[in-house]
1. Convex hull over the Cα atoms of chain A, averaged projected area in nm²?
2. Among all the aspartates and glutamates, which ones have a C-alpha under 15 Å from A:LYS541's C-alpha, if same-chain residues fewer than 8 places away are not counted?
3. Mind running the shape call on segment A:1-42? Use the C-alpha gyration tensor, a ≥ b ≥ c as the square roots of the eigenvalues: rounded below 1.5 for a/c, prolate if a/b tops b/c, oblate otherwise.
4. Using Cα-Cα distances under 8 Å and only pairs 6 or more residues apart, what relative contact order does chain A have, in percent?
5. How do A:MET193, A:MET421, A:MET1 rank by accessible surface area computed with a 1.4 Å probe, from largest to smallest?
6. I want to check the label-to-label distance for A:ASP491 and B:ALA173. Put each point 7 Å from Cα in the C-beta direction and report it in nm to one decimal.
7. Please give the total accessible area that chains A and B bury against each other, computed with a 1.4 Å probe and expressed in Å² to the nearest 100.
8. Here are some pairs, A:LYS40/A:LYS159; A:LYS210/A:LYS298; A:LYS143/A:LYS302; which of them have Cα atoms lying more than 24 Å apart in this structure?
Amino acid sequence: MKELMLGNKAVARGLYEAGVCFISSYPGTPSTEITEEAAKYPESEIYCEWAPNEKVAMEAAFGASLAGRRAFCAQKHVGLNVAADPLYTMSYTGVNAGLVIGVADDAGMHSSQNEQDSRHHAIAAKVPMLEPADSAEALDYAKRAYEISEEYDTPVLLKMCTRVAHSQSIVETGERTVPEKTYTKDIAKYVMMPGNAKKRHPFVEERTKKLIAYAETSGINRIEQGDGSTGLGIITASTSYQYVKEIFGDRVAILKLGMTNPLPVQMIRDFAAGVKRLIVVEELDPIIENHVRSLGLKVEGKELFPICDEFSQNLIAEALGEPVPAGKTLDVQIPGRPPVMCAGCPHRGLFYTLKKLDCTVLGDIGCYTLGAVAPLSSIEMTLCMGASIGAAHGFNKVLGEKAAHRTVAVLGDSTFMHSGMTGLANVAYNQSNATVIILDNSITGMTGHQQNPTTGFNLRGDPAGRIDLEALCRAMGFERVRVIDPYDLADCERVIREELDEDAPSVIISRRPCALLKHVKHKPPLTVSNDKCVGCKSCMKIGCPAISLKPSDKTKTGVLSCIDQTLCVGCGVCTQLCPVDAIHGKE
Amino acid sequence: MSNRRETKNIMIVGVGGQGSLLASKLLGYLLLHEGYDVKVSEVHGMSQRGGSVVTYVRYGDRVYSPVIDRGEADYIVSFELLEAARWLPYLREGGRIVTNTQQIDPMPVITGAAQYPADLVARMQAAGAQVDAIDCLALAEQAGSAKAVNVVLLGRLSHYFDIPDKAWQEALAALVPQKFLELNQKAFTLGKEA
Ligand SMILES: Cc1ncc(C[n+]2csc(CCOP(=O)(O)OP(=O)(O)O)c2C)c(N)n1
């Protein structure tokens, strides 16, 4: 049947048809929907779970492959850094049943903290990487990846990018078949200690040679001769292929790569021989380009196209001298619309308090990273998941007690389980006076509401094991574990002050579920009494999207506050800021 | 090729959380069933938190790029006035903007760091755009729910398409839950007649 399907859903469909039985992933844009869509198939066919982090997810998938069932795990590009350790050695052990690793890059950084190119991991780990250019290929390559994995005894990387992952295009679906293998003990293959690994490394090198032969002849890389009218020969892959086709149609010859590691050699030489001008069009780093150059061929690439940011059809056209349509412009400044914490977001009250106390806030990654944005402008550092605690420890160690009395590490519940726990272990073990605030909103918010080990529910929303944060922190040696409600500003301030003053490390759990969760009951929207409001703008300090100012000649400042009745969820944080008691709930 | 249908481009823009997903789904469904090659591209993640969001819908005989670039959009369908203006550079020569007149202040305006520009409809027209500016919120409420703004906009958009009303109605019926169908049909008609 023909269907319009999201790239990530098409991967999930491919996994289903390939007979995958086990998926363990950690969410991360733009990879998340692969696992969410796969979880819509019956659990008896594909078991799906959210693991605490990518490393655990990949190891779980490896275990399932070892046991003889086709397995998968997905992550965003930076997630593969976390899982790099198992990946690099899985390359040596190889697999039993097929094992495919989904990784989604984010050129343009729509939702990421860096713009790394995950093809480097494929090269360094010496594993094959497939790169679909639309949903139909996503489905097809997902299935193909399992054939390659089993045939060549290797994990296979399936690389998505934002524009393939989050675009819908037409696919044709097929049937599911489930190949199974049996597990047999094989110490020489699966126990990677030096003596065994020494024998596996040459296997890896041999495998790469065989995979190059596959790249040359299997048809996964293909040449489109075109009409030869421009003399251009373009080597490209993934979404860049679509932009090239959009501009040139059949006017150029194209070597379309479906497998970007290892790269073919003879095929590229033959292609180059038939064109006047050889150009590589690839987003991010010049990986294909450097390979082509290493073959001694004359090629153009990054002198024409940028390394930074994503491509588009106009960018390709402009670089290659094709016409580009002019866009209309307005003679007026259009204010930006950056993402904001939602109305009623429990993170807001906490960051207001941290700003008020003039804390040095070492942050982390999640919705709460928006605590760095005006007017809260509170977070001063965000690096990678879990880094807040590690950094606060180092920060306090070198700057001493004075800094420790005003520095806090701030991270979410999911981030804490992902990689904050090990940082906390360091604080407990190497004894620094860190104050760690866990923003427990009972969900993984940023990536669109995934369950995690602290929520008590699994990926399907069924009851699951639940880790007790307070008990965990105590067990790790923290005597001071406090719980606060971020809607209660006075209490937040008191407890944070106390813990900063104390000469001992502490954990403060700021607990209040995400305002967007379906089960959260909201109070009716609040209103501002025009008679009482003096236009002092105190309520504007929290950056709530539901509060704005309207002109008025009644007040000295010439404005009155007003609250949007469709956005306000009655959290009452603004009420606590109003010096004249002008904000009230409906009577 | 003489009978090749050129690729057409529709952008759906708005503020994260405004419900542009149904609009793009509906268009995708409709165009697929009309026999076109279709690509729909969305952005998930960070910008959904109240940021500026855009969805691209492209259709024709053969669609390659999943995105629409500057100067390419035949239509910009906007849930909010400022967003229509923000994406104006993407409109092609002779293109049309179908926009809700609702204004939602972005954070820089709320904090006073920037101003919400006045007279945006006139300014966009002066820049050469054809603009349908409609109070979709009022029409949606008239149809029975503020949430039906998306369908009001599509009703208006349907004006300009060579696709029979029946096909639009089928797409609605296929994608809207039965209990909200009548409401949405009304919203569609109100938009169309606006
Ligand atoms: C290594 C890595 N994996 C995944 C992500 C994607 N990601 C960004 S924030 C986040 C989770 C945030 O959840 P939580 O800590 O609970 O905070 P919330 O968003 O709910 O406030 C994830 C998974 C990432 N940035 N880095």
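The values are calculated or read from the model by the stated rules, or taken from the named source; none is laboratory data. None of these values were measured; they are calculated from a predicted model. Cβ placement follows ideal geometry from the backbone for every residue including glycine, while neighbour counts extend to all protein chains displayed. To get the accessible areas, we keep the full protein, side chains included, count just its heavy atoms, and leave off ligands, DNA and RNA. Shrake-Rupley method; radii C 1.70, N 1.55, O 1.52, S 1.80 Å.
1. 32.1 nm²
2. The reachable aspartates and glutamates, counting only those whose Cα sits under 15 Å from A:LYS541, are A:ASP358.
3. Details: a/c = 2.21, a/b = 1.17, b/c = 1.89.
Note, shape of segment A:1-42 comes out oblate.
4. On the way: 1261 pairs, mean separation 62.1, N = 587.
Relative contact order of chain A: 11 percent.
5. Largest accessible area first, the residues go A:MET1, A:MET193, A:MET421.
6. Here the modelled spin labels are 5.4 nm apart.
7. Chains A and B together bury approximately 4700 Å².
8. Too far apart for the 24 Å limit: A:LYS210/A:LYS298; A:LYS143/A:LYS302.
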